[in-house]
Amino acid sequence: MKTKLGPRFWTALTIFSLMGQIAWVVENMYFNVFIYKMFGATAADIGNMVTASAITATLTTVFMGALSDKIGKRKLFICLGYILWGVSIFSFIFLRKDIISSTLGMTVSAATVGVSLTIILDCVMTFFGSTANDAAFNAWLTDSTDSHNRGSAEGINAMMPLVSILVVFGGFMFFDLEKAESWSLIFTIIGILTTLIGVIGFFIIKEPTVEPVKESYIGGIIYGFKPSTVRNNPRLYISLLAFIIFNISIQIFMPYLIIYYEVSLKMTNYVLIMAPAIIIASVATALWGKVYDKKGFEFSGIIAVCGLILGYVILFLTKTTLPVFIGSLLMMSGYLCGMAVFGAVIRDNTPTGFSGRLQGVRIFSQVLVPGVIGPAIAKKVLENADVIVNNDGTTSFVPNQNIFLAALITVLLVLPFFFIKKQYTRRPI
């Protein structure tokens, strides 16, 4: 019989997942635009920022996830983390050429310094964000659900990246992203909202029952990477291996997606075009979690990945509005439905009482390895990309459709995992 989750749980899940994803969307999709437009960043600069952030996120999740298990608390890490996350986002208002030049003097290159400071501050922001979201919130979600309702909960959690994209896209429509003042206002709004959500969390999040870990803190840090842990949890680690490949595919194109729409395809109205695709994909993702609960990993996973593959094919072959819309819809639906499926199967195979310690290996699979390998592949693919001259005389690269071809080739490697022996992929009862 399916365990029912109360309205307090669904409220906390919705609010914290949505606000967390809004903050991540601004970082993962718009920091690239910010550093590209404000400081003339190269593909290498963007790749370096993604990689540095991925390393920071992974190390943070490993150490802070183990610490939350050691203390036996989730709520404090979530709420305080969100508050400091918001403060760090707000601090980006000081990353402007005029402020950098006046502070350091005109003898320095404000653009070069701006790129470096953006990467550093991005890592600071990622530390607080990963503490709050990747480590504590995800452990809380695992602790608060069971194998009867994780698909439904993960469906809501997995749809939030698309909902947040819609919110951010819609909000950003009213800003001229060529102006530093617009970015300052954006960082102010997102920073304040994230901080307020952290405060609200003290009143609405229900602390799950988590026994403080008696073993050493260092033991908790390395727990997920011990050979004995891998041997004792084959389902979990096979799922994580497939998850790595899936996310490498995503990281090949995602950091350049908005730039591709706006610069390469010259879709100045891409927000209006993408909004229906995002709404449809969000609904599909929320429902797909229920499919996982009923049909299991193989069925729901294969269909999600095939949808992603078809989206890649269309985006690689076409550049006109309607086909791009269809390809984007399939790509987004496949991506988020796949995230829901992998998120649920990973939670289902996480040993009870070890969710904090194992968030590190989850983020290793979702962020670190993909965040290093994906941008490296994209950098190679785009090394001969076309270049345009900006109004100020600087040059910028133009992403091309080959990022979707590289992502397609990569994600094909995920398919064999759905045909591995049933005992390694079946959800535990």
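The values are calculated or read from the model by the stated rules, or taken from the named source; none is laboratory data. Only a predicted model underlies this, so the values are computations on that prediction, with no experimental measurement involved. Every residue, glycine as well, gets a Cβ built from its backbone with ideal geometry; the counts of neighbours run over all protein chains shown.
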Exercise. Would you tally the residues in the stretch 187-214 being part of a helix (DSSP H, G or I) and touching a Cys at 6+ places or on another chain (Cβ under 8 Å)?
Key: 4
Exercise. Hand me the list of helices (runs of 4 or more DSSP H) wholly inside the stretch 342-429 holding 2 or more residues that are out of contact with any Leu (no Cβ under 8 Å at 6 or more places or on another chain) and modelled with pLDDT of 80 or more.
Key: 369-381, 402-411
Quiz item: Is it true that ILE83 is under 21 Å from the mean Cα position of the chain (by Cα), surrounded by fewer than 17 Cβ atoms within 10 Å (Cβ to Cβ) and either among the aliphatic types (A, V, I, L, M) or in a loop (DSSP other than H, G, I, E, B) (or both)?
Solution: no
Practice problem: Just name the residue that is nearest to the chain's Cα centre (by Cα) out of those in the stretch 1-21 that are within 21 Å of MET125 (Cβ to Cβ) and surrounded by fewer than 22 Cβ atoms within 10 Å (Cβ to Cβ). | Solution: LEU18
Exercise. Of the numbered conditions (1) over 19 Å from the mean Cα position of the chain (by Cα); (2) in a helix (DSSP H, G or I); (3) at pLDDT 85 or above, GLU262 fails exactly one; give the number of that condition.
Key: (3)
Exercise. List every residue pair whose Cβ atoms sit under 8 Å apart, with the two residues 6 or more apart in sequence or on different chains, where the first one lies in the stretch 2-27 and is under 21 Å from ALA57 (Cα atoms) and the second, anywhere, is of a type in the set (Asp, Glu) and in a helix (DSSP H, G or I).
Key: GLU27/ASP122
Quiz item: Name the residues in the stretch 188-211 that are surrounded by fewer than 19 Cβ atoms within 10 Å (Cβ to Cβ) and within 24 Å of ALA111 (Cα to Cα), would you?
Solution: THR188
Quiz item: Could you count how many residues in the stretch 34-51 are modelled with pLDDT of 80 or more, crowded, with 22+ Cβ neighbours inside 10 Å, part of a helix (DSSP H, G or I) and not hydroxyl-bearing (Ser, Thr, Tyr)?
Solution: 6
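Yes or no, residue by residue, for (1) acidic (Asp, Glu); (2) under 23 Å from the mean Cα position of the chain (by Cα); (3) assigned to a helix (DSSP H, G or I); (4) surrounded by fewer than 21 Cβ atoms within 10 Å (Cβ to Cβ):
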residue: MET274; (1), (2), (3), (4): no, yes, yes, no
residue: ILE279; (1), (2), (3), (4): no, yes, yes, yes
residue: TRP288; (1), (2), (3), (4): no, yes, yes, no
residue: GLY301; (1), (2), (3), (4): no, yes, yes, no
residue: ILE309; (1), (2), (3), (4): no, yes, yes, yes
residue: LEU315; (1), (2), (3), (4): no, yes, yes, no
residue: LEU322; (1), (2), (3), (4): no, no, yes, yes
